[in-house]
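Student: Please find one structure pasted underneath; my questions will follow.
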Amino acid sequence: MSKSNLDLIEECDSFPYYQTDPVAYFASIDTYYQLRVADHDYPLGYVLPSVAEIFRGLSSWTLDDDERTLTLTAGNTAAERSEVVMRTVVAMRETGHFKVLSKWRNELYPVYGKNRELLFDVERCASPLLGIVTYGVHLVAYVKGKDGSLKLWIPRRARTKQTYGGLLDNTVAGGIASGEGPFECLVRECEEEASLPEALVREKAKASGTVTYSYIRDERAGGETRLLQPECQYVYDLELPEDVIPKPNDDEVEEFYLWSVDEVKEALAKGEFKPNCAAVTLDFFIRHGIVTSENEKDYIEIGSRLHRRLEFPTL
């Protein structure tokens, strides 16, 4: 069955909205525990009960079933809290209980408070367990024809990847590590994933806003399902000369295609894109006047859903 553009957005931004369906929203909220840090009286993420239960009785953590909160009680600084979180996550990994922890990345993701202060860092693969906001970069590289038509460079993820293997991606995409800026992350990922020259990226890549959403992980993500994954993607465009051809530089990408807009639309409708990459591609289409109010009946809804106000503190 062909997927509409709104179907693709709803697949990525899948956590209910209070404004449109309060019953579903509160049913979802009541399912999770709020992740908190002592002396910070607001949620930093939503944790499934099956995950929260693992923390019961652990020193440095308090699980309150009445308030449905999981609170990190130890540590007065970001460094101290990060150490506690790391010890906890390493111990959880050693039990083999959570599949997501088998894909250990040795990368740290930041967790911020309401004043944009760093509260703690967490191992990347553990971030979905805690339901915290994560940040990444996505770049769409394209070639413009003499007639003004666009062709997009679309990579296919390696079929051996544990997460979304074989699906289509944006030209370059990657997570922003703690302490790393979005643009420096982009430059690094462009070299690692697409062999794009650093000088070209620094000169030609254009910051084009953000795409934000709250994704509920399914089986394609690898590991446990129904984990909440709120994300903010910094989006970039890069017009490439015809003689610059992206090439895989690691085992993340199988091959690159140079596709017309119609070919990309067809692949989107078939559900061949990784969910958040479909959303970023639609954002690109809107910004470049390919998807408009004249040809898309859900234009306003799609535009707003690409820029969700997330439920937790962000930068």
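Student: Considering only residues that are out of contact with any strand residue (DSSP E or B) (no Cβ under 7 Å at 6 or more places or on another chain) and either aliphatic (A, V, I, L, M) or open to solvent by less than 30 Å² (accessible area, probe 1.4 Å) (or both), which ones fall in region 224-239?
Tutor: Narrowing region 224-239 to residues out of contact with any strand residue (DSSP E or B) (no Cβ under 7 Å at 6 or more places or on another chain): 224-225, 227.
Hit for region 224-239 is LEU227, nothing else.
Student: In region 275-304, what count of residues is obtained for those that are charged (D, E, K, R) and surrounded by 21 or more Cβ atoms within 10 Å (Cβ to Cβ)? Let's see the steps before the verdict.
Tutor: Let us first name the residues in region 275-304 that are charged (D, E, K, R), namely 283, 287, 294, 296-298, 301.
Those still in the list that are surrounded by 21 or more Cβ atoms within 10 Å (Cβ to Cβ) too: 283.
Selection size over region 275-304: 1.
Student: Starting from region 23-39, take each residue that is closer than 19 Å to PHE55 by Cβ and list its partners that are open to solvent by 50 Å² or more (accessible area, probe 1.4 Å) and among the basic types (Lys, Arg), counting only C-beta distances under 7 angstrom and pairs at least six apart or across chains.
Tutor: From region 23-39, the pairs are TYR33/ARG68; GLN34/ARG68.
Student: Specify the residue that is most open to solvent (accessible area, probe 1.4 Å); the eligible residues are those in region 17-34 that are part of a helix (DSSP H, G or I) and of a type in the set (Val, Ile, Thr).
Tutor: VAL23
Student: Determine, yes or no, whether ASP7 is under 19 Å from ARG305 (Cβ atoms) and touching a residue at least 40 places away in the same chain (Cβ under 8 Å). Talk me through it step by step, then tell me what you get.
Tutor: Details: under 19 Å from ARG305 (Cβ atoms): yes; touching a residue at least 40 places away in the same chain (Cβ under 8 Å): no.
Taking the combined requirement at face value, the residue does not satisfy it.
Student: Check off (1) touching a residue at least 24 places away in the same chain (Cβ under 8 Å); (2) assigned by the TED database to the domain that holds LEU118 for ASP65 and give me the number that stays unchecked.
Tutor: Looking at each condition in turn, ASP65 falls short on (1).
Student: Another question about this same structure. Given the conditions (1) among the charged types (D, E, K, R); (2) under 23 Å from the mean Cα position of the chain (by Cα); (3) over 25 Å from THR88 (Cα atoms), which single one is not true for ARG36?
Tutor: It is condition (3) that ARG36 fails.
Student: Testing ALA158 on (1) at pLDDT below 95; (2) open to solvent by 30 Å² or more (accessible area, probe 1.4 Å), one condition comes back false. Which one is that?
Tutor: (2)
Student: Just for region 93-138: of the residues that are in a helix (DSSP H, G or I), touching a strand residue (DSSP E or B) at 6+ places or on another chain (Cβ under 9 Å) and among the small types (Gly, Ala, Ser), which one is farthest from TRP153 (Cα to Cα)?
Tutor: Initial filter on region 93-138 (in a helix (DSSP H, G or I)): 93-95, 99-102, 124-130.
Checking which are touching a strand residue (DSSP E or B) at 6+ places or on another chain (Cβ under 9 Å) leaves us with 93, 101, 124, 126-130.
If we keep only those that are among the small types (Gly, Ala, Ser) as well, we get 126-127.
Details: ALA126: 31, SER127: 29 Å.
Taking the candidates together, the pick is ALA126.
Student: For SER14, which of the numbered conditions (1) within 30 Å of CYS277 (Cβ to Cβ); (2) part of a loop (DSSP other than H, G, I, E, B); (3) at pLDDT 95 or above; (4) out of contact with any Ser or Thr (no Cβ under 8 Å at 6 or more places or on another chain) fails to hold?
Tutor: (4)
Residue-by-condition table, conditions (1) surrounded by fewer than 18 Cβ atoms within 10 Å (Cβ to Cβ); (2) within 24 Å of THR31 (Cβ to Cβ); (3) at pLDDT below 95:
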residue	(1), (2), (3)
THR71	no, yes, no
THR77	yes, no, no
LEU108	no, no, no
VAL111	no, yes, no
LEU118	yes, no, no
SER127	no, yes, no
ILE132	no, yes, no
VAL140	no, no, no
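Student: Just give me the residues in region 280-315 being in contact (Cβ under 8 Å) with a residue 40 or more places away in the chain and part of a helix (DSSP H, G or I), in sequence order.
Tutor: At the first step, the residues of region 280-315 found to be in contact (Cβ under 8 Å) with a residue 40 or more places away in the chain are 280-284, 287-288, 290-291, 296, 298, 301-302, 305-315.
Answer for region 280-315, where residues must be in contact (Cβ under 8 Å) with a residue 40 or more places away in the chain and part of a helix (DSSP H, G or I): VAL280, THR281, LEU282, ASP283, PHE284, ARG287, GLU301, ILE302, ARG305.
Student: A follow-up question, please. Select, from GLY181, GLY223, GLY165, GLY174, the only residue that is over 21 Å from ALA141 (Cβ atoms), without any contact (Cβ under 8 Å) to a residue 60 or more places away in the chain and out of contact with any Ser or Thr (no Cβ under 6 Å at 6 or more places or on another chain).
Tutor: GLY165
Student: Anything in region 184-223 that is open to solvent by less than 60 Å² (accessible area, probe 1.4 Å), over 22 Å from ALA278 (Cβ atoms) and either out of contact with any helix residue (DSSP H, G or I) (no Cβ under 8 Å at 6 or more places or on another chain) or outside the structural domain of PRO248 (by the TED database) (or both)? List them, or say none.
Tutor: SER195, LEU200
Student: Hey, among PRO241, PRO230, PRO248, PRO197, which residue is on the phi < 0 side of the Ramachandran plot and within 15 Å of the chain's Cα centre (by Cα)? Before you say what the answer is, go through the steps one by one.
Tutor: Details: PRO241 fails: within 15 Å of the chain's Cα centre (by Cα); PRO248 fails: within 15 Å of the chain's Cα centre (by Cα); PRO197 fails: within 15 Å of the chain's Cα centre (by Cα).
Checking each option against the conditions leaves just PRO230.
Student: On to the next question. Given the conditions (1) in a helix (DSSP H, G or I); (2) surrounded by 14 or more Cβ atoms within 10 Å (Cβ to Cβ), report the number of the one that ASP262 does not fulfil.
Tutor: The single condition ASP262 does not satisfy is (2).
The values are calculated or read from the model by the stated rules, or taken from the named source; none is laboratory data. Values in this document were obtained by computation on a predicted structure and should not be read as measured data. When we count neighbours, we look across all protein chains shown, and the Cβ atoms used for this are built from the backbone with ideal geometry, even at glycine. With ligands, DNA and RNA removed, areas are computed over all heavy atoms of the protein, side chains included. Shrake-Rupley method; radii C 1.70, N 1.55, O 1.52, S 1.80 Å.
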